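Read the structure below first, then the notes.
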Amino acid sequence: MISSTHRFHGHKGLRYVYQNGQTVRNADFAIKFLPNPHRREYRLAVVVSRKVEKSAVARNRLRRRLYEAVRVVQDDISEPYDMVLTVFSKELSAEPAVSLNNQVHKQLRAAGILAKQPRSKG
């Protein structure tokens, strides 16, 4: 789970990203993003509608899995971005963790959010 410093607080920031951000989309989810030079850390919101999954338990589980997929690559995020990850497909909840992480990584790389060279861990 990502820390509270990496989460949106309030609706104004989300609204600004929705209105002014760029979008990278695949069949299951979209990432809307915008560089934010006023911050030092990235911010992320994951949106899973009731149209996608009726059960709140299933929506929250999917939301936690997507937060974790971004947390795994957070050291490679090149600069502070505001990101909104919107889920469109119920099938994403049945996706294995490795596949889900790969999809998120691929979309972040396509958006140019991840650094070109991954940072070393030591």
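Derivation of every value follows stated rules applied to the coordinates shown; laboratory data play no part. For clarity, every value in this text was computed on a predicted model and none was experimentally measured. Cβ coordinates were reconstructed from backbone atoms using ideal geometry, including for glycine residues, and neighbour counts include every protein chain displayed.
Worth pointing out:
- Fully extending the segment from LYS106 to ASN20 would add 28.7 nm, taking 0.36 nm per residue of separation and subtracting the current Cα-Cα distance.
- Each part gets one Cα centre, and for segment 68-101 versus segment 1-65 those centres are 10 Å apart.
- Backbone N within segment 87-104 under 13 Å of label point (7 Å from ALA58 Cα along the Cβ vector): 89-95
- Unit charges at the beta carbon, dipole of the chain: most positive-side option, ASN20, TYR81, PRO96: ASN20
- Other residues within the sphere of radius under 14 Å centred on the Cβ of ARG40, judged by their own Cβ, net out at -1 (K and R +1, D and E -1).
- With K and R counted +1 and D and E -1, the other residues having a Cβ less than 13 Å from that of ARG7 yield a net charge of +3.
- Pairwise Lys count, the chain - Cα closer than 24 Å, eight or more residues apart or different chains: 12
- Environment charge at ALA56 (Cβ cut-off 11 Å; Lys +1, Arg +1, Asp -1, Glu -1): +4
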